[in-house]
Amino acid sequence: MKLLIETLTSGAEYLAKRGVEDARLNMEHLLAHVLGCRRLDLYLRFDQPLQESDLKPLRELTKRRGEGEPLQHLLGTVEFHGLEFISDERALVPRPETEHLVEMLVKKFSETPPARLLDMGTGSGCIGISLAKAWPKAEVTLADISEDALELARFNAERLLPPTQNVRLFRSDLFEKITGSFDLIVANLPYIPKEEIATLSREVRRDPMSALNGGASGLEVVVRFVDDCAAHLSENGWIALELGHDQSARVAERLGKADFRDIQIAADLAGIGRFVLARGPLKPEPSPSSPLTVDP
């Protein structure tokens with residue numbers, strides 16, 4: 001019968017040999033998951049003998065993690081902006097960069113929260129649901145081209161938001177089925193160049209291909225979004241985009257040519273300019289009515 005500390009140490013060594021980063025931390029999460037306790041509680045239980053009923057599922061999870069299955073898929077959940085989201089193969093694993101974008105937006109619009117919000121390419125719903133939680137009076141639309149992703153977003157919304165929250169979900173290829181205007185449109189769209197996908201980590205390659213593949217340039221979907229989004233912005237409405245590490249300047253330039261205003265490039269926690277925020281173009285002034293004339 002193995003002690004908890006022995007199992008933790010041997011499991012971490014196994015994961016490290018298979019190229020898993022932060023192997024001990026990963027093993028702690030798996031062990032806490034199997035034992036149904038908090039990760040920090042393990043430090044009070046190092047001398048606890050583990051039963052075969054615990055070791056058997058732990059071996060299976062450790063094997064799968066060593067093969068590159070994301071930790072979040074094995075645990076089934078991920079914490080994002082103080083909320084626990086269900087996470088699986090139907091959508092991108094929510095990442096710290098995206099969480100930073102949400103925190104930026106909550107701060108930016110703290111005094112005047114958007115009344116109408118669209119989360120385009122919602123995936124698990126982590127952006128839109130987190131903002132809905134922060135802005136309970138907002139009308140929130142979650143949109144994605146993937147029905148699987150929308151099922152996951154719907155499940156997360158039902159778990160995390162009150163039934164009184166005004167949330168709508170649409171399966172739509174970008175704005176194909178979206179009507180109305182929004183005060184804020186947030187989008188974390190596919191932005192990986194197709195030829196670079198094979199170089200991504202094993203874990204990232206477990207994400208849906210449709211959520212990664214940005215075409216030959218990496219910006220094919222983003223460009224379509226930029227070209228169509230102005231028509232769906234309210235007066236003085238904003239967009240906020242998460243992009244690849246070297247794409248923000250190009251997207252900001254395209255927005256400038258399309259007459260977007262107040263264009264800003266914001267850095268992630270690593271100091272990389274990963275986010276672009278911009279206010280939509282000015283709406284044209286309505287032309288005055290022609291005076292009525294009557295032929296003699």
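Residues being under 15 Å from ILE192 (Cα atoms) and part of a strand (DSSP E or B): count how many of those fall in the stretch 224-268.
The qualifying residues number 2.
Within the stretch 158-204, track down each residue that is under 16 Å from the mean Cα position of the chain (by Cα) and not hydrophobic (A, V, I, L, M, F, W, C).
ASN188, PRO190, TYR191, GLU203
With at pLDDT 95 or above and crowded, with 19+ Cβ neighbours inside 10 Å as the only criterion, which of PRO70, PRO57 stands out?
Unique residue meeting the criteria: PRO70.
Could you go through the stretch 134-152 and let me know if any residue there is assigned to a helix (DSSP H, G or I) and touching a helix residue (DSSP H, G or I) at 6+ places or on another chain (Cβ under 7 Å).
There is at least one residue in the stretch 134-152 that is assigned to a helix (DSSP H, G or I) and touching a helix residue (DSSP H, G or I) at 6+ places or on another chain (Cβ under 7 Å).
So is LEU83 in contact (Cβ under 8 Å) with a residue 24 or more places away in the chain, in the same structural domain as SER210 (by TED's automatic domain parsing) and not small (Gly, Ala, Ser) or not?
no
Among what's in the stretch 181-221 and is among the hydrophobic types (A, V, I, L, M, F, W, C) and touching a Pro at 6+ places or on another chain (Cβ under 8 Å), pick the residue that is surrounded by the fewest Cβ atoms within 10 Å (Cβ to Cβ).
Checking each candidate, the answer is ALA216.
Yes/no matrix, rows are residues, columns are (1) in contact with a helix residue (DSSP H, G or I) (Cβ under 9 Å, 6 or more places away or on another chain); (2) modelled with pLDDT of 95 or more; (3) not polar (S, T, N, Q):
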residue	(1), (2), (3)
PHE155	no, yes, yes
LEU219	yes, yes, yes
VAL223	yes, yes, yes
HIS232	no, yes, yes
GLU235	no, no, yes
ALA249	no, yes, yes
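If I ask for residues that are crowded, with 19+ Cβ neighbours inside 10 Å and either touching a His at 6+ places or on another chain (Cβ under 8 Å) or in a loop (DSSP other than H, G, I, E, B) (or both), which ones from the stretch 153-173 would you list?
Within the stretch 153-173, just LEU161 meets the criteria.
Which of the residues belonging to the stretch 92-111 are in contact with a helix residue (DSSP H, G or I) (Cβ under 6 Å, 6 or more places away or on another chain) and assigned to a helix (DSSP H, G or I)?
Correct list: VAL102, VAL106.
The values are calculated or read from the model by the stated rules, or taken from the named source; none is laboratory data. Fair warning: this is a prediction, and the values are worked out from it, not measured in the lab. Neighbour counts are summed over all protein chains in view; Cβ atoms, including those assigned to glycine, are modelled from backbone coordinates with ideal geometry.
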